[in-house]
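The values are calculated or read from the model by the stated rules, or taken from the named source; none is laboratory data. Bear in mind the structure is a predicted one, so any value in this text is a computation, not a measurement. When we count neighbours, we look across all protein chains shown, and the Cβ atoms used for this are built from the backbone with ideal geometry, even at glycine.
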Amino acid sequence: MCLSPSWCVLCKENAENIDHLFIHCSYSLKLWWRMLGALGVEWVIPKGCFELLSINLRISGKGKRAGILRDCLFHAIFWNIWMERNRRIFQGHTGVRVEELWDRIKFWASLWASVSGQFKDYHYSTIMRDMMAVLR
């Protein structure tokens, strides 16, 4: 167990810094592409976290629910990347596949969205199963 590796524990290819870890790491980037696909959005990934967090990603014609779900997904991606990184560093885990982490992200984002007033008619499992359907 290495407490402070100089390389990224997710991709093992580059030095770890905030922009690499959360955006440009090949592992993390796959999660962002999955989010964009789930929301039916085409987007150019920004070069840094500050730009990413300041972007208002619009999901055309989808209203307030889309903004809430987008925000929940953003937070869930950041949080789960950080948690996965820490499990690998501090607990010695070998890691999970991107697909498994994406399922965790969908779970948390759907759960968080389901407690908002905009999603009061939806159970979190419905949101998780088909994000685009609940935005129609």
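Annotation: residue 127 fulfils all but one of (1) farther than 18 Å from residue 32 by Cβ; (2) exposed (fewer than 14 other Cβ atoms within 10 Å of the Cβ); the unmet one is (2). Scanning the stretch 13-25 for residues that are surrounded by 14 or more Cβ atoms within 10 Å (Cβ to Cβ) and not aliphatic (A, V, I, L, M) yields 14, 16, 19, 20, 22, 24, 25. Annotation note: Cβ proximity below 7 Å between a residue of the stretch 27-45 that is farther than 19 Å from residue 68 by Cα and free of Cβ contacts under 8 Å to residues at least 24 places away in the same chain and a residue that is in a helix (DSSP H, G or I) and of a type in the set (Phe, Trp, Tyr) (sequence gap 6+ or interchain) occurs for 45/32.
Among the numbered conditions (1) under 16 Å from the mean Cα position of the chain (by Cα); (2) surrounded by fewer than 19 Cβ atoms within 10 Å (Cβ to Cβ); (3) within 18 Å of residue 22 (Cα to Cα), the only one that residue 70 does not meet is (2). Just one of the listed residues (41, 96) is surrounded by fewer than 19 Cβ atoms within 10 Å (Cβ to Cβ), among the aliphatic types (A, V, I, L, M) and under 16 Å from residue 134 (Cβ atoms), and it is 41.
Scanning the stretch 31-51 for residues that are part of a helix (DSSP H, G or I) and at pLDDT below 85 returns a single hit, 39.
Within the option set 110, 116, 28, being under 25 Å from residue 6 (Cβ atoms) and either among the hydroxyl-bearing types (Ser, Thr, Tyr) or buried (at least 20 other Cβ atoms within 10 Å of the Cβ) (or both) holds for one residue only, 28.
Out of curiosity, is residue 66 more than 30 Å from residue 114 (Cβ to Cβ) and at pLDDT below 95? No, not satisfied.
Can you go through 89, 81, 105 and tell me which one is surrounded by fewer than 20 Cβ atoms within 10 Å (Cβ to Cβ), assigned to a helix (DSSP H, G or I), touching a residue at least 60 places away in the same chain (Cβ under 8 Å) and of a type outside the set (Ser, Thr, Tyr)?
Within the list 89, 81, 105, the selection yields 89.
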